[in-house]
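Asks: The following block contains the structure, expressed as structure tokens.
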Amino acid sequence: GYVAFATTSTKKKLQIVFDKGNSDEWSIEFTVNRSINATGEGDQMKIFATVLDVIKAFINKKHPEHIEFSASKANSELPPAKRDPNKRNSRINLYTKLIKRFANQNGYKLVNAAERPLQIDYKLTKK
């Protein structure tokens, strides 16, 4: 696999890990300041944009057939009773729109967006 490091404009330190599965499917995981949880600081778009920039560079270098990655939902770092479902849904909708646009611009299509309790999993396939 590969590991990339980046820093957002808000000085958040990102680590993006690319692991190759059995076929030409790559899974991507990223952490912010060594945590997989949402920061809760309202800077998710800057973080996500930086991650997508790194994924784009990876795509241009390796040309994978399939890519899988996850994004934490809003408030996932909070106990269930304190989570705001409206924030969660707005983040999911925004992430999904960004992923669809990103996929289309880079020769991929979003084939699956599976919602889980604390995250949403995305799968992209080359067109």
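Asks: In terms of solvent-accessible area of protein heavy atoms at a 1.4 angstrom probe, what is the ranking of V51, V111, highest value first?
Replies: V111, V51
Asks: On the full set of protein chains, 1.4 Å probe, figure out the accessible area of F69 and give it in Å² to the nearest 10.
Replies: Its heavy atoms expose roughly 10 Å² to the probe.
Asks: Something else about it: In nm, to one decimal, how far is the K62 label point from the K126 one, both placed 7 Å along Cα→Cβ?
Replies: That separation, rounded to one decimal, is 1.3 nm.
Asks: Long-range amide H contacts for Y108: which residues qualify at under 5 Å (H placed 1.01 Å from N, peptide plane, sequence gap of 5 or more or a different chain)?
Replies: Residues meeting the amide H criterion: K127.
Asks: Next up: Which whole-Hz couplings ³J(HN,Hα) result when phi for each residue of the stretch 103-115 is put into the Karplus expression 6.51 cos²θ - 1.76 cosθ + 1.60, θ = phi - 60°, listed in order with x for Gly and Pro?
Replies: 4, 4, 5, 10, x, 10, 10, 7, 9, 7, 9, 9, 8
Asks: Would you mind counting up the charge near I55? Only other residues with Cβ under 12 Å from its Cβ, with Lys and Arg at +1 and Asp and Glu at -1.
Replies: Net charge in that neighbourhood comes out at 0.
The values are calculated or read from the model by the stated rules, or taken from the named source; none is laboratory data. Worth saying up front: this structure is predicted, and the values here are computed from it rather than measured. All Cβ positions, glycine included, derive from the backbone under ideal geometry; neighbour counts span all protein chains shown. We work out accessible area using only protein heavy atoms, side chains counted, and drop any ligands, DNA or RNA first. Shrake-Rupley method; radii C 1.70, N 1.55, O 1.52, S 1.80 Å.
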